[in-house]
Amino acid sequence: MIRIFTLTLLFLSTYTTSFAQENPNFQVDWSPEIYQVGKIYPGYIIETEGDTLHGFIKALNRCSPGGIGKSNQNTVEFYSNKTDKKPSKKFSAKNLLGYKIADKLYESIKYSGGLFKAPNFNLVVQDGAIRTYEWYATVENYTSVVKQQNESWNDYYARRYETKIIFARNADEPEELSSIALGFRKKMSKLVDNNQELVDKINDKEKGYGIFKIYEIVKEYNDWAEKQ
């Protein structure tokens, strides 16, 4: 049983990485030409009432180093003017629905990387009725991970950060990819439960609707939802 559990997680990790590499919508560019920590970028915040306020946002680390301190996942430093020396306001994920900085859109959902469900900003990598997000954490001994000569930024960051894939139809009920896989039929059926035809295909173990077709099922659901 432990062996099956381990092999499933290993397969999912490989599956997640390969899918992201093969699908442009999942390829988030963190290279310095696109995103520099400490730089002020045009963006906007979405307030809890749904109002959008345009301005400028300071680029923070994609995640808190070692889980401590400010990052894009827990703090927004908003500037009314790009030349301001200090932010006009600072927000946590409890105070906003989301925000956009440069080319990166974040939304507040109840996912914080572990079992404790608290609002945090997760990066949107695929839009739809079921949204797909990425959550980041530094790897163990991240301070010793150094960019090698001729290594691409993407390859370097893949060694420095752990990435988790999150699905959510409801911001209060996000599901991590690995969690869905470990309780596949029950959790996947719940995620698409207003599409009975899709639920039946999953529960009947129809070909093409199994544990390693999660992304495809989400896409089919989103295509269906867009037509409703």
* **From K164, K190, residue being more than 30 Å from T138 (Cα to Cα), surrounded by 13 or more Cβ atoms within 10 Å (Cβ to Cβ) and not β-branched (V, I, T)** => K190
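Can you pull out the residues in segment 177-191 that are of a type outside the set (S, T, Y) and closer than 11 Å to I214 by Cβ? Step through it out loud before you land on a result.
To start, the set of residues in segment 177-191 that are of a type outside the set (S, T, Y) comprises 177, 180-188, 190-191.
Within segment 177-191, L177, I180, A181, F184, K187, M188, L191 qualify.
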* Asked: Among (1) modelled with pLDDT of 95 or more; (2) out of contact with any Phe, Trp or Tyr (no Cβ under 6 Å at 6 or more places or on another chain); (3) within 26 Å of S112 (Cβ to Cβ), which single condition is D223 missing?
  -> (3)
* What pairs come up if the first residue lies in segment 201-228 and is free of Cβ contacts under 8 Å to residues at least 12 places away in the same chain, the second is aliphatic (A, V, I, L, M), and their beta carbons are under 7 Å apart, counting only those six or more places apart or on different chains? -> Y209/I202; Y209/I217
* To do: Tell me which residues, restricted to segment 68-109, are under 19 Å from A168 (Cβ atoms) and among the charged types (D, E, K, R).
  => K94, K100, K104, E107
* **Entirely in segment 57-143, the strands (runs of 3 or more DSSP E) that have 2 or more residues that are more than 16 Å from the chain's Cα centre (by Cα)** => 76-79, 89-91
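Within the group E173, E197, E206, which residue is over 28 Å from G98 (Cβ atoms), modelled with pLDDT of 90 or more, assigned to a loop (DSSP other than H, G, I, E, B) and among the acidic types (D, E)?
Numbers: E173 fails: over 28 Å from G98 (Cβ atoms); E197 fails: assigned to a loop (DSSP other than H, G, I, E, B).
When all the criteria are applied, what remains is E206.
The values are calculated or read from the model by the stated rules, or taken from the named source; none is laboratory data. Bear in mind the structure is a predicted one, so any value in this text is a computation, not a measurement. Glycine also receives a Cβ, built like all others from the backbone with ideal geometry; neighbour counts cover every protein chain displayed.
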